Amino acid sequence: MKALDHSSTALYDIPGPKAERRHMLYGVLSTVLIAAVVGWILYLLFDTDQFTAAKWNPFTYKGIQELLLKGLGNTLKAFAIAAVLSLVLGAILAVGRLSDHKPVRWLATLIVEFFRAMPVLVMIFFVFVALKVQPLPALVTGLTLYNGSVLAEVFRSGVNSVERGQREAAYALGMRKTQVMSYVLGPQALRAMLPAIISQLVVALKDTSLGYLITYEEFLHAGKLIASNLDYDLPFIPVVMVISPIYIGMCMLLSWFATWVSRRQQRNPKVEAVDVAPAEPGTLLPGRQ
Amino acid sequence: MNVLTENFSTYGEGFLGTVELTVYASVLALVLGFIMASFRVAPVGSFRVFGTVWVTVLRNTPLTLLFFAVLLGLPRFGLVLPFKVFAVLALGCYTSAFICEALRSGINTVPKGQGEAARSLGMSFGQTLSQVILPQAFRSVIPPVGSNLIALAKNSAIAGAFSVTELLGTYRTLNELGYSIIWTFVWIAVGYLIITLTISALFNVLEKRWGVAR
């Protein structure tokens, strides 16, 4: 019965009764082991007094709750601005890379390859330290440059993956290049690449936490403020236990949305002429598409 | 230009710090990723659940949050190690989730018939795995693993902000010494380009030698 999940891999035969019993035994043993590890971690948490009222008390105060909510709001604000701007930048760079003029194409390629090969944090620090701007614009600039470059590649590969006949038919009807791009190739590419685009936005959402390192008052920063407060007995672990599920939950929601869109698009007759990109974390290798 | 020549030792230290972080974390990520990938394709349900949870949680965790929790949190349980070790742990665990997915999809690209043919020739499970399936899977995972290791090298910059010696962190020292901040960053960028392009070249060679001929 379990073997059905594995019919797609070359690794195993369908298990017989003996193998099933062995797998059952392994399953029970490993479950016990995992439960023991979880129990040990819980014991450590209790042993180091992480569940005392003093450490959880701060979360009942209105000021602290407002601080956390403000941090969350700032995180979402940075994400929203960075997402919109990187979509715009990605579109511009993709147009540049698909241009018929050589210099434009080269310039766009250079920009895209450079910013994809650079750590986001270097760009953020450069803007923050060298150009002396506020934390929020610095964070948004760094995220936009990086994610915009990656998205440009996503858009470009989307346009290139539309079946050749579509482009040829459009040109044969006497459309100009702008018309072919905006009426025929663009919409199909956008639909097909939607999962990949959303996956890249997950990366942007995760990277907003880099704002913490340049003292942007985002979610993690708010957590740090609470955690280093002596009045509440330094509630570091409780803060992590509150922050992480919210952060990870937001990213998971967006990831699941990408997967859901991907599954939906694969059944959609409107994207027949192009392969729908799987919802995966974007590949980051410079010089390789 | 003189920023580099006059502070060569500072830059060198930072550069080596980044290389060291990258190498150690890569090894950890590859080992953990392999273990998790074998968990995810195991016939035992609880292994699969464990692998899936590991991958789903780590892939959706912001790396800064992970660094924050590991570097500042673990010492509170009495586990005191150098920050560098913590940084390697955080980076390695984070990247292992991505490596795991790359390896798993590599194993899934091997057609089912290959395993069936091997078994019908009388090969044991170990033989099937080592002679038939893994060699074929290895070929198709070279590019994605390469791109994940490049991402790891770039992510190691975060460690600098948690007072681990590495390339990006050198800007602080040089800034205090009053050097031109623009040039400082130019050389940092060059350093990162050297590292990422080296990994890229290495995996290009690997792919030329063993990659799938398409």
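The values are calculated or read from the model by the stated rules, or taken from the named source; none is laboratory data. In this text, all values refer to a predicted model and were calculated from it rather than measured experimentally. Cβ coordinates were reconstructed from backbone atoms using ideal geometry, including for glycine residues, and neighbour counts include every protein chain displayed.
Miscellaneous remarks
- Of the residues making up segment B:82-99, those that are crowded, with 22+ Cβ neighbours inside 10 Å, more than 12 Å from every other protein chain (Cβ to nearest Cβ) and not aliphatic (A, V, I, L, M) are B:PHE86, B:GLY92, B:SER96.
- A search for C-beta distances below 8 Å between a residue of segment B:129-147 that is more than 10 Å from chain A (Cβ to nearest Cβ) and any residue that is among the polar types (S, T, N, Q) and surrounded by fewer than 19 Cβ atoms within 10 Å (Cβ to Cβ), counting only pairs 6+ apart in sequence or on different chains, returns B:SER140/B:THR109; B:VAL141/B:SER105.
- Selection from segment B:183-204 of residues that are aromatic (Phe, Trp, Tyr) and either more than 9 Å from chain A (Cβ to nearest Cβ) or touching a Phe, Trp or Tyr at 6+ places or on another chain (Cβ under 9 Å) (or both): B:TRP183, B:PHE185, B:TRP187
- Whichever residue in segment A:200-233 is of a type in the set (S, T, N, Q) and part of a helix (DSSP H, G or I) and, among such residues, is nearest to the other protein chains (Cβ to nearest Cβ): A:SER209
- Close Cβ contacts (under 8 Å, 6 or more residues apart or on different chains) running from residues in segment A:242-270 that are away from every other protein chain (no Cβ under 11 Å) to residues that are loosely packed, with under 13 Cβ neighbours inside 10 Å are absent.
- Note on segment B:163-182: among residues that are surrounded by fewer than 20 Cβ atoms within 10 Å (Cβ to Cβ) and facing chain A (nearest Cβ under 10 Å), the one that is modelled with the lowest pLDDT is B:ASN175.
- Where helices (runs of 4 or more DSSP H) sit wholly within segment B:1-81, those with at least 1 residues that are buried (at least 19 other Cβ atoms within 10 Å of the Cβ), touching a Leu at 6+ places or on another chain (Cβ under 8 Å) and in contact (Cβ under 8 Å) with a residue 40 or more places away in the chain occupy B:2-6, B:8-40, B:63-73.
- Evaluation of B:LYS112 against (1) surrounded by fewer than 21 Cβ atoms within 10 Å (Cβ to Cβ); (2) under 17 Å from the mean Cα position of the chain (by Cα); (3) basic (Lys, Arg) (one fails), failing number: (2)
- Checked against (1) under 30 Å from B:PHE67 (Cα atoms); (2) of a type outside the set (A, V, I, L, M); (3) away from chain B (no Cβ under 14 Å); (4) outside any helix (DSSP H, G or I), A:GLY174 passes all but condition (1).
- Residue match in segment A:256-266 (condition: assigned to a helix (DSSP H, G or I) and closer than 30 Å to B:ALA201 by Cβ): no
- Matching helices (runs of 4 or more DSSP H) fully within segment B:107-214 where at least 3 residues are of a type in the set (Ser, Thr, Tyr) and under 28 Å from B:THR61 (Cα atoms): B:181-210
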